[in-house]
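S.K.: Attaching a single structure in structure tokens format; questions to follow.
The values are calculated or read from the model by the stated rules, or taken from the named source; none is laboratory data. This is a predicted model, so every value here is computed, not measured. Note that each Cβ is placed from the backbone with ideal geometry, even for glycine, and that neighbours are counted across all protein chains shown.
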Amino acid sequence: MAFAACLIGLPASLGHAAPVHGIAMHGDPALPPDYKHFSYVNPDVKKGGRISYGVVGTFDSLNPFILKSMRTTARGMWDPEFGNLVYESLMVRSRDEAFSMYGLLAESVEWDDDRSFIEFHLNPKARWADGKPVTPEDVIFTFELMRDKGRAPFSIRLNTVEKLEKTGEHSVRFTFNDKGDREAPLLIAFSPILPKHAIDVETFDRSSLALPLGSGPYKVKAVKPGERIVYERDPNYWGKDIPSKVGFDNYDEISVEYFLQDNSLFEAFKKGVIDVYQEGNPTKWARGYDFPAVHSGTVVKDAVKSKLPPVMFGFVFNTRRPVFQNAELRKALSLVFDFEWVNRTLFENAYTRTESFWQNSALSSLNVPIDARERDIIGDAVNKIDPSVLAGTHRLPVTDGSGRDRKVLREAMTHFQKAGYSIKDGRMVDASGKPLAFEIMTQNADQEKLALAYQRFLAALGVRVSLRTVDDSQYQSRSQTFDYDVIMKAFLSSLSPGLEQVRRWGTQARDIEGSENFAGVADADIDRVMAAILAARTAEDFQSAVRLQDRMLLSGNYIVPLYHLGEQWIARNKHIGRPEMTPLWGFQLPVWWDEKAQ
């Protein structure tokens, strides 16, 4: 049943708050109502020219909002890295604040202290690319369409909404139910909005290469399925002068080129076919840029220190498999990974070991003992947390770098024994004599190299590990359906974690295909901690709840944490300019420009 929309006037039952220009998860947004632009843009940039991005993979759809094309939609349509070129949201996030949002399709917003509702006042100038206005009916239509035909997380946004209604010519209000939390209004604010008059509801959930209609700064110019998509700037883009868009969308043309392998992408960058290349391999960063364009200065290497917590990258145990439901076994398997050997042998000691989901921030549990707020949240389940994690003294073992550190292997063996395993005839077996064996699924040569090292470490204790490297389409299919024993994944961290934690670790996400709960976690105590994160009203309560989440995940040993870099690395053709300031979130490609623009 669709939500009812009140089409005339303002319902008498609705309360009012003062309209504001921006909202923040905690506290107030940093920028004042009369701000002119974000701090990390060049407001005087000369627009024009072009840029060419490169990615590894393929695409068969221009619809990023459905399950069938979740991993195979052309980049740039709705894209946190290259920018939301075609579709837009009601508000836009500042990348120099933890979680603050400012007006985009909505020029102002109202909400109350309890966040029981949020009301958006659309900018009367907002237009679709065909010139028709963006309306409250479009907003209502979009959320109902996503609920019925979209993929997570868009499909679940209305789960927290009791009533969605039009409250004026340019206004629409979301009233939340008892499932609503402190983050729900902000998630509504940055959800995509689609044109009601240009969408075929019946076919929306099918992959399609039909040219889309959006309200964003670019239109699709050309499509070569699986190989290239080209966007051209819309000269009539409605929002080019609003403060949150000043300094963005600086190219007349943006192309995204697809490659089957990263080596091919890098070669294209070296030849100038691709304009920017993000590097994550320390050996290649140190030694692989010895080519003419670098020597001549045509290619520039940039490195910045991000102010965000590092990405949590590691081997993920699929606890849907009975063997991995044993927490002691997961602990034992985690201890066996010899980071020092890997870092020295494979990466010239370029990496730092990751030991917290929010390392290097006030949200991390490292060096911070559990506080009273955390104890109030967790209650008796505090006994599930490793004592060293409670004390903040938890550290992963530091080995001698030999790949067979006897001291560490003895510690791991202690946990294998607690889990009911022992070594017989050179094999690790359970109490019934069944050998411990599993498969690691990888998707590229770099992952395979790490998996081979892990296989070697585990073999020293009689654990048999097989490897399977699959192509991109098979990898996406199997990961979406949780068809693996162990997989390698990277979990982005932020200074404002929220509902994405539920998608990654929540019981409700465990059996939803396409969800990010790759570990298959279903723990009522973790659910309770995540609820506390979403309900926190003060920065102190929020920090305590996130630190507790960190402790629960570390104690659960769902992941074998690997490593992170202390910097972001990116190489660019010198004619691609960028602002001097790098914001809290690191490099922001949508605010770069072409120096050759005329």
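S.K.: State the number of residues belonging to region 127-176 that are within 15 Å of residue 189 (Cβ to Cβ) and in contact with a Ser or Thr (Cβ under 6 Å, 6 or more places away or on another chain).
M.R.: Final tally of qualifying residues: 5.
S.K.: Across region 84-100, what is the total count of residues that are polar (S, T, N, Q), part of a strand (DSSP E or B) and within 24 Å of residue 231 (Cβ to Cβ)?
M.R.: Of the residues in that region, 1 qualify.
S.K.: Which condition from (1) under 30 Å from residue 467 (Cα atoms); (2) part of a helix (DSSP H, G or I); (3) without any contact (Cβ under 8 Å) to a residue 24 or more places away in the chain is the one that residue 349 breaks?
M.R.: (2)
Each row is one residue, and each column tells you yes or no for (1) surrounded by 14 or more Cβ atoms within 10 Å (Cβ to Cβ); (2) in contact with a Lys or Arg (Cβ under 7 Å, 6 or more places away or on another chain).
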site	(1), (2)
408	yes, no
415	yes, yes
421	yes, no
431	no, no
434	no, no
443	yes, no
457	yes, no
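S.K.: Out of curiosity, is residue 402 touching a helix residue (DSSP H, G or I) at 6+ places or on another chain (Cβ under 8 Å), within 30 Å of residue 98 (Cα to Cα) and among the small types (Gly, Ala, Ser)?
M.R.: No, not satisfied.
S.K.: Right, here's the next one. Give the residue that is nearest to the chain's Cα centre (by Cα), with candidates limited to residues of region 231-246 that are hydrophobic (A, V, I, L, M, F, W, C) and surrounded by 20 or more Cβ atoms within 10 Å (Cβ to Cβ).
M.R.: It comes out as 246.
S.K.: Right, here's the next one. Taking residue 332, is it surrounded by 14 or more Cβ atoms within 10 Å (Cβ to Cβ), touching a helix residue (DSSP H, G or I) at 6+ places or on another chain (Cβ under 6 Å) and not β-branched (Val, Ile, Thr)?
M.R.: Judged against the criteria, residue 332 is a match.
S.K.: Of everything in region 528-559, what is aromatic (Phe, Trp, Tyr) and farther than 17 Å from residue 517 by Cβ? Give them in sequence order.
M.R.: 542
S.K.: Would you please list the contacts, defined by Cβ atoms under 9 Å and residues six or more apart or on different chains, that run from a residue in region 141-157 that is crowded, with 21+ Cβ neighbours inside 10 Å and modelled with pLDDT of 95 or more to a residue that is basic (Lys, Arg) and outside any helix (DSSP H, G or I)?
M.R.: Nothing qualifies.
S.K.: Please verify whether region 297-305 includes one or more residues that are at pLDDT 95 or above, hydrophobic (A, V, I, L, M, F, W, C) and over 24 Å from the mean Cα position of the chain (by Cα).
M.R.: yes
S.K.: Considering (1) acidic (Asp, Glu); (2) assigned to a loop (DSSP other than H, G, I, E, B); (3) within 26 Å of the chain's Cα centre (by Cα), say which one residue 446 fails and leave the rest.
M.R.: (2)
S.K.: What helices (runs of 4 or more DSSP H) lie completely within region 470-587 and have 1 or more residues being in contact with a strand residue (DSSP E or B) (Cβ under 9 Å, 6 or more places away or on another chain), surrounded by 19 or more Cβ atoms within 10 Å (Cβ to Cβ) and not charged (D, E, K, R)?
M.R.: The qualifying helices (runs of 4 or more DSSP H) are 472-480, 539-556.
S.K.: Kindly provide the set of residues from region 554-597 that are of a type in the set (Ser, Thr, Tyr) and in contact with a Phe, Trp or Tyr (Cβ under 9 Å, 6 or more places away or on another chain), ordered by number.
M.R.: 558, 563, 582 - these are the residues of region 554-597 that are of a type in the set (Ser, Thr, Tyr) and in contact with a Phe, Trp or Tyr (Cβ under 9 Å, 6 or more places away or on another chain).
S.K.: Continuing with this model, one more query. Among the residues of region 266-274, is any surrounded by fewer than 16 Cβ atoms within 10 Å (Cβ to Cβ) and part of a strand (DSSP E or B)?
M.R.: No: zero hits.
S.K.: Also: For region 70-79, check the following and say yes or no: at least one residue is over 22 Å from residue 586 (Cα atoms), buried (at least 23 other Cβ atoms within 10 Å of the Cβ) and of a type in the set (A, V, I, L, M, F, W, C).
M.R.: Within region 70-79 (the criterion being over 22 Å from residue 586 (Cα atoms), buried (at least 23 other Cβ atoms within 10 Å of the Cβ) and of a type in the set (A, V, I, L, M, F, W, C)), the answer is yes, since at least one residue qualifies.
S.K.: For the list (1) at pLDDT 95 or above; (2) in a loop (DSSP other than H, G, I, E, B), I need the number of the one condition that residue 390 fails.
M.R.: Answer for residue 390: the failing condition is (2).
S.K.: Still on this model: I'd like to check something: does region 386-409 contain any residue that is under 30 Å from residue 69 (Cα atoms), of a type in the set (Asp, Glu) and under 32 Å from the mean Cα position of the chain (by Cα)?
M.R.: no
S.K.: If you don't mind, another one. Return yes when residue 81 is over 18 Å from residue 19 (Cβ atoms), in contact with a strand residue (DSSP E or B) (Cβ under 9 Å, 6 or more places away or on another chain) and in a loop (DSSP other than H, G, I, E, B) and no when it is not.
M.R.: yes
S.K.: Taking the residues in region 335-354 that are surrounded by fewer than 19 Cβ atoms within 10 Å (Cβ to Cβ) and touching a Pro at 6+ places or on another chain (Cβ under 6 Å) as candidates, determine which candidate is farthest from residue 536 (Cα to Cα).
M.R.: Selected residue: 347.
S.K.: Consider residue 76 carefully, then state whether it is in contact with a helix residue (DSSP H, G or I) (Cβ under 8 Å, 6 or more places away or on another chain) and in contact (Cβ under 8 Å) with a residue 40 or more places away in the chain.
M.R.: no
S.K.: What number of residues within region 62-95 are of a type in the set (S, T, N, Q) and at pLDDT 95 or above?
M.R.: Residues that pass the stated criteria total 4.
S.K.: Identify the single condition in (1) in contact (Cβ under 8 Å) with a residue 60 or more places away in the chain; (2) in contact with a strand residue (DSSP E or B) (Cβ under 9 Å, 6 or more places away or on another chain) that residue 160 does not satisfy, given that it satisfies every other one.
M.R.: Just one mismatch for residue 160, condition (1).
S.K.: Exactly one condition in (1) within 19 Å of the chain's Cα centre (by Cα); (2) modelled with pLDDT of 95 or more is not met by residue 499; state its number.
M.R.: Here residue 499 meets the rest and fails (2).
S.K.: Oh, and also: How about region 425-443: which of its residues are assigned to a loop (DSSP other than H, G, I, E, B), in contact with a Phe, Trp or Tyr (Cβ under 7 Å, 6 or more places away or on another chain) and either without any contact (Cβ under 8 Å) to a residue 12 or more places away in the chain or aliphatic (A, V, I, L, M) (or both)?
M.R.: 430, 436
S.K.: Does any residue of region 56-73 turn out to be of a type in the set (Lys, Arg) and within 30 Å of residue 110 (Cβ to Cβ)?
M.R.: No, region 56-73 contains no residue that is of a type in the set (Lys, Arg) and within 30 Å of residue 110 (Cβ to Cβ).
S.K.: Can you find even one residue in region 354-367 that is closer than 30 Å to residue 259 by Cα and either at pLDDT 95 or above or in a helix (DSSP H, G or I) (or both)?
M.R.: No, region 354-367 contains no residue that is closer than 30 Å to residue 259 by Cα and either at pLDDT 95 or above or in a helix (DSSP H, G or I) (or both).
S.K.: In region 405-415, is there at least one residue being more than 21 Å from residue 496 (Cα to Cα) and in a loop (DSSP other than H, G, I, E, B)?
M.R.: yes
S.K.: Same structure, new question: I'd like the full set of residues that are crowded, with 16+ Cβ neighbours inside 10 Å and farther than 16 Å from residue 252 by Cα, limited to region 213-227.
M.R.: Once the filter is applied, which keeps residues that are crowded, with 16+ Cβ neighbours inside 10 Å and farther than 16 Å from residue 252 by Cα, region 213-227 yields 213, 214, 215, 223.
S.K.: Among (1) in a loop (DSSP other than H, G, I, E, B); (2) touching a residue at least 40 places away in the same chain (Cβ under 8 Å); (3) closer than 21 Å to residue 251 by Cβ, which single condition is residue 63 missing?
M.R.: Every listed condition holds for residue 63 apart from (3).
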